[in-house]
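Undergrad: Have a look at this one before I ask anything.
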Amino acid sequence: MDLGISGRRAAVAAASRGLGFATARALAAEGVQVAICGRDEPTLQDAAQQIGARPIVADVSTAEGAAGFVRAARDELGGLDILVANGGGPPPGRFADVSDPQEYARAFELSCLSTIAMCAESVPTMQAQQWGRVVAITSIAVRQPIPYLILSNTARAGLTGFLKTLAREVAPDGVTVNSLQPGSHDTERLRSLGAADTTGIPAGRLGTAAEFGAVAAFLCSEHAAFLTGAAIPVDGGAYGGLQ
C-alpha cells in the first residue's frame, strides 16, 4: 500500500538502532527524506548509510539536545513534516531503589521533556503548513506499569497526557499526534534489561523491530489523517485491559 508520503521530510530521534532505526527505515522505504540522530557517530553513520538517511550527531536525553536535533534536521531537510520522538529509557529500579527525587527529575527530562522540546520546535511549522505528523514512541508501561521500571512508568505517563492534550489542540490544523506503546520487541534495550521473555504474550513470541516500524510509518501516512490523540499498544496482545 502506498502511504502517500513520498517526498515528505521526517526527523526520527534516537534512530541508529532498535525501534527508532526500524521506523526510519520504513519511512525511507516510502520515499520520505529522513534525518536520524544518535550519540555514537560511527554507529549513526552506518545506520544512515543503510537506509539513505541524513545523519545528525545529537543527544536527545536533554530538552536542549532534543530541540537542537529538530532544528538541525529542519535545516538539513529544508523543512519538516514528520517527527518521530524517541529516546532511551531511564535506568531500572523499584520505589525502594530510587531514594533521590532528582532521579525522577532526570527521568522526566529524558522521557518527557525531551519530546515536549521536540514538539515545541516542530509543531508550529506543521501548523503553519497545515500538515504534520507526530509519533512518539513510549511504552506499554503507560497502560500497565512494569514493577522494576518506576522511573520510566512515571515519566512516560506524563508524556502521554501531554500528547493527548496537544493532539486535541492542533487537530484543526491538519496535524496528528499519536503515541505507540511497544511491548516486548527483540531489541538491545530489551536484552539489556534481561526481559526477553515471551510469557504473557498471546502471540507467543517477541515482536520484531520491522513490525513496529511498519505501524509507525502508517501513522505518518495520508491514510491516518483522521487518527489522532491515540496511544496504541504494539505488544502482541500482552495488555489485557479493555481501554
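Undergrad: Across segment 116-146, which residue is nearest to Ala230 (Cα to Cα) among those that are hydroxyl-bearing (Ser, Thr, Tyr) and in a helix (DSSP H, G or I)?
TA: Restricting attention to segment 116-146, the residues satisfying the condition of being hydroxyl-bearing (Ser, Thr, Tyr) are 122, 125, 138-139.
Adding the requirement that they be in a helix (DSSP H, G or I) leaves 122, 125.
On the way: Ser122: 19, Thr125: 22 Å.
Ranking the qualifying residues of segment 116-146, first place goes to Ser122.
For every residue, the table says whether it meets (1) within 24 Å of Leu163 (Cβ to Cβ); (2) in contact with a Leu (Cβ under 6 Å, 6 or more places away or on another chain).
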position: Gly7; (1), (2): no, no
position: Ala14; (1), (2): yes, no
position: Ala24; (1), (2): yes, no
position: Ala29; (1), (2): no, no
position: Ala63; (1), (2): yes, yes
position: Arg74; (1), (2): yes, yes
position: Ala85; (1), (2): yes, no
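Undergrad: Return yes or no: is Val60 touching a residue at least 12 places away in the same chain (Cβ under 8 Å) and touching a Phe, Trp or Tyr at 6+ places or on another chain (Cβ under 8 Å)? Reasoning before the result, please.
TA: On the way: touching a residue at least 12 places away in the same chain (Cβ under 8 Å): yes; touching a Phe, Trp or Tyr at 6+ places or on another chain (Cβ under 8 Å): yes.
It is true that Val60 is touching a residue at least 12 places away in the same chain (Cβ under 8 Å) and touching a Phe, Trp or Tyr at 6+ places or on another chain (Cβ under 8 Å).
Undergrad: What are the pairs with Cβ atoms under 9 angstrom where one residue, in segment 220-237, is in contact (Cβ under 8 Å) with a residue 12 or more places away in the chain and over 15 Å from Arg143 (Cα atoms) and the other, located anywhere, is crowded, with 18+ Cβ neighbours inside 10 Å and acidic (Asp, Glu)? Sequence gap at least six, or different chains.
TA: Cys220/Glu30; Cys220/Asp81; Ser221/Glu30
Undergrad: Can you list residue pairs whose Cβ atoms sit under 7 Å apart, with the first residue in segment 124-152 being within 17 Å of Val177 (Cβ to Cβ) and the second being charged (D, E, K, R) and surrounded by fewer than 19 Cβ atoms within 10 Å (Cβ to Cβ)? Count only pairs 6 or more apart in sequence or on different chains.
TA: Gln127/Asp173; Gln130/Asp173
Undergrad: Going by what's in this entry, would Arg9 be described as basic (Lys, Arg), in contact with a strand residue (DSSP E or B) (Cβ under 6 Å, 6 or more places away or on another chain) and in contact (Cβ under 8 Å) with a residue 60 or more places away in the chain? Steps first, please.
TA: On the way: basic (Lys, Arg): yes; in contact with a strand residue (DSSP E or B) (Cβ under 6 Å, 6 or more places away or on another chain): yes; in contact (Cβ under 8 Å) with a residue 60 or more places away in the chain: yes.
Judged against the criteria, Arg9 is a match.
Undergrad: Then there is this: Residue check: is Ala155 part of a helix (DSSP H, G or I), at pLDDT 95 or above, more than 20 Å from Gly20 (Cβ to Cβ) and among the small types (Gly, Ala, Ser)? Steps first, answer last, please.
TA: Working: part of a helix (DSSP H, G or I): yes; at pLDDT 95 or above: yes; more than 20 Å from Gly20 (Cβ to Cβ): no; among the small types (Gly, Ala, Ser): yes.
No.
Undergrad: Would you mind telling me which numbered condition in (1) modelled with pLDDT of 95 or more; (2) not in a strand (DSSP E or B) Ile232 fails?
TA: Among (1) modelled with pLDDT of 95 or more; (2) not in a strand (DSSP E or B), the lone unmet condition for Ile232 is (2).
Undergrad: Looking only at strands (runs of 3 or more DSSP E) that lie completely in segment 11-96, which have at least 3 residues being buried (at least 18 other Cβ atoms within 10 Å of the Cβ)? Reasoning before the result, please.
TA: Working: elements: 33-38, 54-57, 82-85.
Output list reads 33-38, 82-85.
Undergrad: Examine segment 164-175 for a residue that is over 16 Å from the mean Cα position of the chain (by Cα), buried (at least 19 other Cβ atoms within 10 Å of the Cβ) and either modelled with pLDDT of 90 or more or assigned to a loop (DSSP other than H, G, I, E, B) (or both), and state whether such a residue exists.
TA: Taking segment 164-175 first, the residues over 16 Å from the mean Cα position of the chain (by Cα) are 165, 168-175.
Okay, now just the ones that are also buried (at least 19 other Cβ atoms within 10 Å of the Cβ), so 170, 175.
Checking which are either modelled with pLDDT of 90 or more or assigned to a loop (DSSP other than H, G, I, E, B) (or both) leaves us with 170, 175.
Yes, segment 164-175 contains a residue that is over 16 Å from the mean Cα position of the chain (by Cα), buried (at least 19 other Cβ atoms within 10 Å of the Cβ) and either modelled with pLDDT of 90 or more or assigned to a loop (DSSP other than H, G, I, E, B) (or both).
Conditions (1) at pLDDT 90 or above; (2) in contact with a strand residue (DSSP E or B) (Cβ under 8 Å, 6 or more places away or on another chain); (3) in a helix (DSSP H, G or I), marked per residue:
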residue	(1), (2), (3)
Leu190	no, no, yes
Gly194	no, no, no
Thr198	no, no, no
Pro202	yes, no, no
Ala210	yes, no, yes
Ala217	yes, no, yes
Tyr239	no, yes, no
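Undergrad: Looking at this structure, is Asp2 more than 22 Å from Pro182 (Cα to Cα), of a type in the set (Asp, Glu) and part of a loop (DSSP other than H, G, I, E, B)? It would help to see each step written out before you state the result.
TA: On the way: more than 22 Å from Pro182 (Cα to Cα): yes; of a type in the set (Asp, Glu): yes; part of a loop (DSSP other than H, G, I, E, B): yes.
So Asp2 fits the description; yes.
The values are calculated or read from the model by the stated rules, or taken from the named source; none is laboratory data. Treat the numbers as computed from the prediction; the structure is a model and nothing was measured. With ideal geometry, Cβ positions are generated from the backbone for all residues, glycine too; neighbour counts draw on all protein chains shown.
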